[in-house]
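To keep things clear, I will list the structure first and then write my remarks on it.
FYI, it's all coordinate maths here, none of it is from the lab. Because the structure is a prediction, the values reported are computed rather than measured. Here the Cβ is made from the backbone with ideal geometry for all residues, glycine too, and neighbour counts use every protein chain on show.
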Amino acid sequence: MARLTRREFLIATGAAAATAGVPALSRAQGAPGTRGAGARKPGGTLNVLINPEPPVLVSIFQTTGPTLAVSSKVLEGLLAYDFDMRPTPQLATAWSISPDGLRYTFKLRPNVRWHDGQPFTAADVAFSIDLLKAIHPRGHSTFANVTKVETPDPHTAIIQLSKPAPFLLKALSAGESPIVPRHLYASGDPLSNPHNNVPVGTGPFRFKSWTRGASIVYERNPDYWDAGKPYIDALVYKVIPDPAARSAAFETGALDLGGENPVPLTDLPRLTKLPHLVTETRGYRFLEPLSEIDFNLDHPILKDQRVRQAIAHAINPQIVQKTVAYGFADLSPTPITPASPYHDAQLAPYAFDPHAAEALLDAAGKPRGADGVRFRLTHDYLPYGDMYQRQSDYVKSALARVGIDVTVRSQDLPSFLKRVYTDRQFDFTSIGVNTLFDPAVGVQRLYWSKNFRPGVPFSNAPHYSSPQADRLLEAASVELDESRRTDLYKQFQQTVYRDLPILNLVAPRMVTLANRRVHDHTVSAQGLEGNFADVWLSA
Amino acid sequence: MDRRARWQTILRRTAWQALPTVVGIVVLNFFLLKLMPGDAADVIAGESGSATKESMALLRAKFGLDQPLPVQLWNYLEHLAHFSLGYSPRYDMPVMQLILSRLPNTLLLMGVALSLALVVGVALGAVMAHWAGKWPDRVLSVLALLFYSTPGFWIGLLAIILFAVRLGWLPSGGNATIGANLHGLAYAADVAKHVLLPAATLATFFVAIYARITRAAMIEVQRLDFVRTAQAKGLHPWRVTVRHVLRNALMPLTTLVGLHFGTLLGGAAVTETVFNWPGLGRLALDAVLARDFSVLLGVLLLSSLLVIAANVVVDLLQAWLDPRVS
């Protein structure tokens with residue numbers, strides 16, 4: 001089948017723009033290194049959408065998407081990442097890993113100062129790694145193997161591990177693992193530190209003001225270590241909760257930039273026809289969302305593998321891709337998405353075959369009753385955006401054809417999370433999860449039997465427990481050899497593809513919408529979670 | 001009874017009724033809110049897309065959600081006794097500070113919208129009553145019905161598309177130009193530009209109600225004897241309408257406006273969301289979705305105080321409008 005890759009998609013949207021009589025996607029937004037250095041113009045104010053409003057401005061103990069976006073402009077990480085997820089310098093200028101994978105040595109950038117004038121040193125790094133391990137929602141597992149951080153001199157930090165952590169080098173971005181100033185965080189409870197709302201960092205932008213419900217304003221850091229950057233004078237994040245109002249703000253030019261599908265996908269074709277707006281789909285490697293159907297394996301009917309396989313045969317993933325996701329998605333029948341190097345491309349989606357589905361249901365001892373219904377189920381969907389509601393409507397109609405009567409149940413986000421992860425009062429759900437930068441961090445938690453933890457959102461919701469999957473996941477999480485690691489993850493994908501605790505459907509492709517006057521907003525795998533030091537505005 | 005004594009009676013009666021009402025509202029709201037599934041830690045974990053048992057426990061301990069319910073209620077009441085509204089998990093700041101920063105915006109929006117609705121509504125109602133059954137009445141009735149039955153968010157969105165997107169005359173949202181650093185007249189003009197569309201949107205529904213109420217009340221008063229007397233004295237018809245009919249028809253209107261003052265606080269949530277106006281209605285709505293109970297309790301408490309205050313004002317106003325009321 002014809003699956004659009006990201007690059008092809010970019011070309012395709014460019015072509016569509018060209019046929020619509022507007023200039024094709026100009027490559028002003030090109031790869032780093034290909035730009036003319038003289039073209040960049042300093043000055044100006046960039047207006048960026050932020051939604052929902054972040055609870056705090058520092059991502060040390062909260063990882064809501066908006067918090068990551070605003071935190072990474074003020075606080076930096078040790079590393080940044082190119083589009084292929086290869087690490088590039090940020091606060092660390094050089095790094096090396098010992099052959100046994102237990103010792104990571106980072107050379108730190110000299111002459112870097114915090115926004116309050118204090119010097120940045122290795123002590124800040126050691127302190128931040130310890131803090132991330134203690135209070136960060138993912139840091140607890142990411143840095144679980146860290147035994148200590150040595151600081152032999154002010155510009156060297158050495159992370160010591162008890163077991164290898166092949167994902168560690170991908171987890172050191174500014175958003176994921178921010179380096180916070182030790183002199184401001186060492187005393188008192190870090191969770192209620194006032195600097196969480198008035199951040200002090202080393203980054204290209206300084207905090208200026210936060211008007212709750214309206215805006216967050218950052219200003220240019222004139223003493224930034226990368227002399228000459230950032231180019232823009234001010235960065236304004238605008239909180240706009242209403243989707244239609246966001247579309248209007250892009251049309252009027254009140255918003256210059258917004259990520260993670262800033263407007264409803266139904267509005268996108270209309271907006272991209274406007275001469276001043278362009279889309280970008282790169283810069284989401286740290287998220288890698290995946291749309292799936294989670295089965296409750298404790299359910300008397302759904303614990304039968306044949307019933308789950310029947311449901312898989314009754315649902316057409318291409319309809320999810322084309323109708324539910326408006327084409328902004330790649331098929332992903334496995335939990336490791338096609339963008340990941342560990343993806344198993346050999347696995348095709350379960351064939352769409354209602355007859356096979358009916359045969360499986362008959363074999364499972366669930367014949368149609370007098371009213372044509374085999375059994376009834378309730379379907380819950382994640383109320384985040386509108387995609388999963390559309391998906392659940394499709395699930396209802398698709399399963400009605402094979403004799404399964406589905407009732408779709410709506411509720412708000414906290415009710416949904418409590419129902420599914422704490423009370424476990426659900427049959428099956430339409431849900432999206434971020435599979436993140438590495439399967440050990442983003443995927444393992446969904447399938448590992450040791451992560452069946454009622455009360456913890458985005459844990460092992462199906463209550464899947466497979467010794468084989470556990471063994472493969474645990475081996476891959478410490479495997480240093482990339483080809484062996486890939487092999488382990490492929491075996492894992494085949495295992496869960498067969499066992500089907502979760503029916504994986506598509507990897508939604510996130511869209512960034514930008515005014516043409518904004519250049520170089522997406523220059524790395526971090527996308528809009530990068531530090532915006534390179535962003536410049538044309539007239 | 002002289003006027004001063006009457007006012008004192010009204011104030012004393014209100015104070016006696018208000019205190020138990022407020023305590024009842026707080027306790028009832030607290031338990032109602034706790035009936036909602038999920039808490040602030042769930043929401044933050046949901047928006048983060050990841051959590052561990054440890055991070056959830058840390059958040060709950062920070063927000064005081066790890067305590068038993070009666071202890072949480074006691075803590076809240078103790079805070080209230082010290083005139084503190086508690087602490088918001090979602091916004092990471094004291095609730096009082098949060099509400100006070102939003103209150104001026106909401107009062108401005110409400111004030112402008114309510115004044116607009118009153119002036120336009122009463123004027124339209126008077127015109128309709130004066131020409132009852134004739135064509136101005138028919139045309140305005142249809143218009144009022146249209147305003148009454150059209151949802152506010154739809155009117156708001158169309159207003160944005162017309163005045164902000166197509167014509168570019170007014171901003172599409174917000175309450176002031178961010179980072180413009182304006183002062184004095186320039187700032188007032190900027191705020192006026194921003195408040196116009198949301199206030200007009202919010203006012204449309206109330207214009208319709210006030211116009212119809214005014215019309216009905218005036219038609220009723222028009223049949224009374226003292227109006228016939230006024231007409232028999234040879235007064236100009238408009239003087240009769242304004243001085244004699246309208247003044248007496250304002251009684252039911254003041255009652256209604258008093259009630260609306262309360263609903264406007266929460267009822268502005270939709271308009272505030274569409275126009276991205278940082279007010280209390282939107283804060284309350286966001287607080288429900290974020291399970292930010294202390295913020296919601298604070299807004300509800302404040303709203304109930306405002307409703308009580310509005311009722312006092314209405315009582316006093318009616319006593320002034322109609323000396324027979326005591």
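Please find the FRET efficiency linking residue A:305 to residue A:368, where r is the Cβ-Cβ separation and R0 is fixed at 25 Å, and quote it to the nearest 0.05.
Values: r = 20 Å, r/R0 = 0.82.
Efficiency computed from Cβ-Cβ geometry: 0.75.
Using only atoms on other chains, find how many Cβ atoms lie within 10 Å of each Cβ of peptide A:55-64 and report the average. Write down the numbers at each step before the final one.
Details: counts 12, 5, 1, 0, 1, 0, 6, 7, 8, 7.
Partner Cβ neighbours, averaged per residue: 5.
Please give the helix B:53-63 orientation as an angle from the longest Cα principal axis of chain B, in degrees from 0 to 90, rounded to the nearest 10.
50
What is the angle, in °, between the Cα long axis of helix B:135-149 and the longest principal axis of the Cα atoms in chain B? Nearest 10 is fine, range 0 to 90.
10
Evaluate peptide A:210-218: per residue, the Cβ atoms of other protein chains within 10 Å of its Cβ; return the mean as an integer. Write down the numbers at each step before the final one.
On the way: counts 2, 7, 12, 15, 11, 6, 1, 2, 0.
Mean shielding by partner chains, rounded to a whole number: 6.
So if I place +1 on the C-beta of Lys and Arg and -1 on the C-beta of Asp and Glu, and nothing else carries charge, what would the dipole magnitude of the protein assembly as shown be about its Cα centre? I want it in debye, nearest 20. Write down the numbers at each step before the final one.
On the way: 82 positive and 69 negative charges, 495 e Å.
Approximately 2380 debye in magnitude.
Tally the DSSP beta bridges in the protein assembly as shown and give the antiparallel ones as a percent, rounded to 5. Walk me through the numbers before you get to the answer.
Working: 54 of 70 bridges.
In the protein assembly as shown, approximately 75 percent of DSSP beta bridges are antiparallel ones.
Quick one: pull the percentage of alpha-carbon pairs in the protein assembly as shown with a separation above 46 Å.
Numbers: 123661 of 373680 pairs.
When all Cα pairs of the protein assembly as shown are counted, 33 percent exceed 46 Å.
Less than 26 Å apart at the alpha-carbon level, and either on another chain or at least 8 residues along: which lysines does that give for residue A:490?
Qualifying lysines at Cα under 26 Å: A:163, A:170, A:303, A:450.
Over region A:102-193, what relative contact order in percent results from Cα pairs under 8 Å that are six or more residues apart? Intermediate results must be reported in sequence, preceding the final value.
Working: 118 pairs, mean separation 30.9, N = 92.
After rounding, I find 34 percent.
Can you find, among A:191, A:469, A:539, the residue sitting farthest towards the positive end of the charge dipole of chain A, where Lys and Arg contribute +1 and Asp and Glu -1 at Cβ?
Farthest towards the positive end: A:539.
Taking the Cβ of residue A:197 as the centre, find all other residues whose Cβ is under 10 Å away and add up their charges (Lys, Arg: +1; Asp, Glu: -1). Don't skip to the end; give the middle numbers.
Values: positive: A:212; negative: B:92.
Charge balance in the 10 Å sphere: 0.
Can you tell me the relative contact order of region A:133-245? Whole percent, Cα pairs under 8 Å, sequence separation 6 or more.
Details: 110 pairs, mean separation 14.9, N = 113.
In percent, rounded to a whole number, it is 13.
Please order A:237, B:148, A:342 by the number of other Cβ within 10 Å, starting at the fewest.
B:148, A:342, A:237
In chain B, with Lys and Arg counted as +1 and Asp and Glu as -1 at Cβ, which of these residues, B:19, B:175, B:124, has the Cα nearest the positive end of the dipole, that is, farthest along it?
B:124
Sort the following peptides by mean Cβ neighbour count (other Cβ atoms within 10 Å, averaged over residues), highest first: B:189-197, A:328-336, A:297-305.
Details: B:189-197: 17.4, A:328-336: 22.9, A:297-305: 15.9.
Output ranking for B:189-197, A:328-336, A:297-305: A:328-336, B:189-197, A:297-305.
7 Å from Cα along Cα→Cβ at both residue B:100 and residue B:232: what's the point-to-point distance in nm?
With each label point 7 Å from Cα toward Cβ, the separation is 6.1 nm.
Compactness ratio of chain B: Cα Rg over 2.2 N^0.38 Å, N = residue count? List each step's numbers first, then the result.
Working: Rg = 23.9 Å, N = 326, 2.2 N^0.38 = 19.8 Å.
So the Cα radius of gyration is 1.21 times the expected 2.2 N^0.38 Å.
Using Cα pairs under 8 angstrom and six or more residues apart, how large is the relative contact order of chain A, in percent?
Details: 1102 pairs, mean separation 112.1, N = 539.
Computed over chain A, the figure is 21 percent.
Would you tell me the mean number of C-beta atoms belonging to other protein chains that fall within 10 Å of each C-beta in A:48-54, as a whole number? Let's see the in-between values first.
Working: counts 0, 0, 0, 0, 6, 5, 4.
Across the residues of A:48-54, the mean count of other-chain Cβ atoms within 10 Å is 2.
Over all directions, the average projected area of the alpha-carbon convex hull for region B:153-275 comes to how many nm²?
Details: hull surface 42.5 nm².
Answer in nm², one decimal: 10.6.
Give, rounded to the nearest 20 debye, the magnitude of the charge dipole that region A:253-378 has about its Cα centre when Lys and Arg contribute +1 at Cβ and Asp and Glu contribute -1 at Cβ. Before the final figure, lay out the partial values.
Details: 12 positive and 15 negative charges, 57 e Å.
The calculated dipole for region A:253-378 is roughly 280 debye.
Using every Cα-Cα pair within region A:258-335, state what percent have a distance larger than 16 Å.
Numbers: 1948 of 3003 pairs.
So the pairs more than 16 Å apart make up 65 percent of the total in region A:258-335.
Which value, in nm² and rounded to one decimal, describes the direction-averaged projected area of the C-alpha convex hull of region A:347-469? Let's see the in-between values first.
Numbers: hull surface 37.2 nm².
The number I arrive at for region A:347-469 is 9.3 nm².
Tell me the mean residue ellipticity at 222 nm calculated for the protein assembly as shown from its helices only (DSSP H runs of n ≥ 4, each -39500 (n - 2.57), averaged over every residue, nearest 500). Mind showing how you got there, number by number?
On the way: 28 runs with 376 residues, N = 865.
Theoretical 222 nm ellipticity from helices: -14000 deg cm²/dmol.
Taking 7 Å along the Cα-to-C-beta vector as the label spot, tell me the residue A:93-residue B:132 distance in nanometres, rounded to one decimal.
8.9
Leaving out same-chain residues fewer than 8 places away, which aspartates and glutamates sit with a Cα under 15 Å from that of residue A:73?
A:176, A:219, A:223, A:226, A:233, A:520, A:529, A:534
Taking amide H positions as placed in the peptide plane 1.01 Å from N, state which residues far from residue A:506 in sequence (5 or more) or on other chains have amide H under 5 Å from it.
A:291, A:332
Once Lys and Arg get +1 and Asp and Glu get -1 on their Cβ, which of A:508, A:522, A:455 lies farthest toward the positive end of the dipole of chain A?
A:522
Report the gain in length on full extension from residue B:169 to residue B:145: 0.36 nm times residue separation, minus Cα-Cα distance, nm rounded to one decimal. Can you show the working numbers first?
Details: separation 24, 0.36 × 24 = 8.64 nm, distance 2.80 nm.
Difference between extended and current length: 5.8 nm.
Taking chain B as the reference, fit the longest principal axis to its C-alpha atoms, fit the long axis of helix B:280-289 to the helix C-alpha atoms, and give the angle between the two in degrees, 0 to 90, nearest 10.
40
What is the ratio of the Cα radius of gyration of region A:80-218 to 2.2 N^0.38 Å, with N the residue count, to two decimals?
Working: Rg = 15.5 Å, N = 139, 2.2 N^0.38 = 14.3 Å.
Against the empirical 2.2 N^0.38 Å value, I get 1.08 for region A:80-218.
What is the magnitude of the charge dipole of region B:2-135 about its Cα centre, with +1 placed on the Cβ of each Lys and Arg, -1 on the Cβ of each Asp and Glu, and no other charges, expressed in debye to the nearest 20? All intermediate terms of the calculation are to be shown ahead of the outcome.
Values: 12 positive and 8 negative charges, 167 e Å.
It comes to approximately 800 debye.
If one computes the Cα centroid of region A:236-293 and of region B:92-168, what distance in Å separates the two points?
30
Taking H placed 1.01 Å from N in the peptide plane, check which residues at least 5 places from residue B:87 or on another chain put their amide H under 5 Å from its amide H.
Residues meeting the criterion, in which the H sits 1.01 Å from N, are B:95.
Fewest first, what order do A:107, A:148 take by the number of other Cβ atoms within 10 Å? Present the calculation step by step, with values, prior to reporting the outcome.
Numbers: A:107 16, A:148 12.
If I rank by nearby Cβ atoms, fewest first, I get A:148, A:107.
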